[in-house]
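Student: Can you keep this structure in mind? I'll have questions shortly.
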Amino acid sequence: MPAPVPAARWLAAAWLVMLLAACGGASQPFEIGAHKGTMKVPAGWSVVQLGEKWEVRKGEASIVLHDLGPVSPEASQREAARIMALWQGGNAAGAQARISRLHGIASRFVDEPQRRPLLNTMLPLMAHGAPDIPAPEAAQRFADWQQAIAALPRMPLEAMGEAALPIAGHDQRRSIQSREARTFGGRPAIDYLTVTRSTQGSRKRIVVIDNDGHLLAVYFGILGHEAHLGELDQVVRSLQFAAAASERR
């Protein structure tokens, strides 16, 4: 497997769009949030990088690869440690932006009764004046947050998949026709096939992959449809992930 090549860094508050020529099914590196490795782009399709999303496009149709962030206690602990180092390094604003994203992730992927105590430990770090608090107080706030993370149970992958479905465009107009536990690129996944509730047609596929506690969802964009199920399958089956943090020694 070719070594992963880091993706370009995006300008703040902007989406940097880079069109990559499709290589007729040849492997190319990807880096989408914590997800790194190689993938194959179907012939005639191109890749557009949109920060935490990559889109594989042909005309108006698109297949989305979406980093949903850290959802396991272990992955969340690693991310909290990185955020604390960023804060202590003088970039409190950058740290707060990442805490805000984790707040949104926790709101979706952490069940009650653990959700409210966890969110309450994050709010003091997100407050407007938080960057000005003394270093010992900031360290205590981070310690409280990490303690709340450590107390979280690990959510089963199927439950995480169900929580991720609305992000992939699933709503009350559609029903789940099938769900299957699978493995892609050596990572456990839940593979959903959904249909329109009224007609039982317009099949769409949503794949939610657990990459060492970070979720990656693969699904159709707004104008993607069942005519491109083969291309989505090609993309998902081609995914090869770089060694995860817990696998490196």
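The values are calculated or read from the model by the stated rules, or taken from the named source; none is laboratory data. Everything quoted here is computed from the prediction, not taken from an experiment. Reconstructed Cβ throughout: ideal geometry from the backbone, glycine too, with neighbour counts over all protein chains shown. We work out accessible area using only protein heavy atoms, side chains counted, and drop any ligands, DNA or RNA first. Shrake-Rupley method; radii C 1.70, N 1.55, O 1.52, S 1.80 Å.
Student: Go through the residues of region 206-213 one by one and say whether even a single one is without any contact (Cβ under 8 Å) to a residue 40 or more places away in the chain, over 11 Å from ALA168 (Cβ atoms) and among the aliphatic types (A, V, I, L, M).
Tutor: Within region 206-213, one or more residues are without any contact (Cβ under 8 Å) to a residue 40 or more places away in the chain, over 11 Å from ALA168 (Cβ atoms) and among the aliphatic types (A, V, I, L, M).
Student: Can you confirm whether ILE167 is in contact (Cβ under 8 Å) with a residue 60 or more places away in the chain and within 19 Å of LEU65 (Cα to Cα)?
Tutor: Spelling it out, ILE167 is indeed in contact (Cβ under 8 Å) with a residue 60 or more places away in the chain and within 19 Å of LEU65 (Cα to Cα).
Student: Further question: Only residues that are in a helix (DSSP H, G or I) and either without any contact (Cβ under 8 Å) to a residue 12 or more places away in the chain or open to solvent by 80 Å² or more (accessible area, probe 1.4 Å) (or both): list them for region 105-117, please.
Tutor: ARG108, ARG115, ARG116
Student: If you scan region 229-249, which residues turn out to be among the hydrophobic types (A, V, I, L, M, F, W, C), open to solvent by 10 Å² or more (accessible area, probe 1.4 Å), at pLDDT 85 or above and part of a helix (DSSP H, G or I)?
Tutor: Correct list: LEU229 only.
Student: Here is a check on your reading of the model: is ALA43 part of a loop (DSSP other than H, G, I, E, B), at pLDDT below 90 and either open to solvent by 70 Å² or more (accessible area, probe 1.4 Å) or of a type in the set (Gly, Ala, Ser) (or both)? It would help to see each step written out before you state the result.
Tutor: Values: part of a loop (DSSP other than H, G, I, E, B): yes; at pLDDT below 90: no; either open to solvent by 70 Å² or more (accessible area, probe 1.4 Å) or of a type in the set (Gly, Ala, Ser) (or both): yes.
Against the criterion (part of a loop (DSSP other than H, G, I, E, B), at pLDDT below 90 and either open to solvent by 70 Å² or more (accessible area, probe 1.4 Å) or of a type in the set (Gly, Ala, Ser) (or both)), ALA43 does not qualify.
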